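The values are calculated or read from the model by the stated rules, or taken from the named source; none is laboratory data. Please read all numbers here as calculations on a predicted model, not as lab measurements. Glycine also receives a Cβ, built like all others from the backbone with ideal geometry; neighbour counts cover every protein chain displayed.
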Amino acid sequence: MKRIAAYGVLFTLLAVANPSALAQEKVYKIGPGDVLEISVWKDETLSRQMIVPPDGMVSFPLAGDIDATDLSVPELREAVTKRLSEYVPDATVTVMLVGANSLTAHVIGKVNRPGQYPITLETDVMKILAMAGGLNPYASPNKIIILRQEEGIDYKIPFRYGEVEKGVNLKQNILLRRGDVVVVP
């Protein structure tokens, strides 16, 4: 329970102390399964479309292996450009996210359609519950939890569906992140 409270306090402190922290959270980070296209202008031999493997390491000619996990598209472009600069000075590198396949969350338990769902940076708990067909009649709507793992630490975030449904305590309707699991007992 302490982790849950600490998590909420930390998020609030970040938002107050650094308003851009909320904006940074809305930047898409590359993950395993995403499809990328990397190319160098005026050099067709330096053009590849690739799927980010489970370890996050993408390989590009002359640049070698680069860990793309948790990099934004501009950050990956910068990394490739820097690695290529020894061989191709002033290279104009383009990195495009062709398919955002790694941005998923799961809903398990007493919903009508449990499973894995693609999410966006704007998907909150109520939206994913709607994607899962809503709660079934046997669900405990005020005992829902969101399981989240960040930097090796597991968080258990409570969600009281009944409150949000009535328009009360709406701040608990948090935005989901890659890999979150919504558990409906």
So, first residue in a helix (DSSP H, G or I) in the range 19-39, second residue at pLDDT 85 or above, Cβ within less than 9 Å, six or more apart or across chains; the pairs are Glu25/Leu121; Glu25/Leu175; Glu25/Arg177
Checked pairs for the range 62-76, first not assigned by TED's automatic domain parsing to the domain that holds Met50, second among the hydroxyl-bearing types (Ser, Thr, Tyr), C-beta under 7 Å and 6 or more apart or across chains, list as none
Next on the checklist: Being surrounded by fewer than 17 Cβ atoms within 10 Å (Cβ to Cβ) and in contact with a Pro (Cβ under 9 Å, 6 or more places away or on another chain) is the requirement here; does Gly109 meet it?
Outcome noted: no
Taking the range 44-65 and keeping only residues that are assigned to a loop (DSSP other than H, G, I, E, B) and surrounded by fewer than 14 Cβ atoms within 10 Å (Cβ to Cβ), one is left with Pro53, Pro54, Asp55
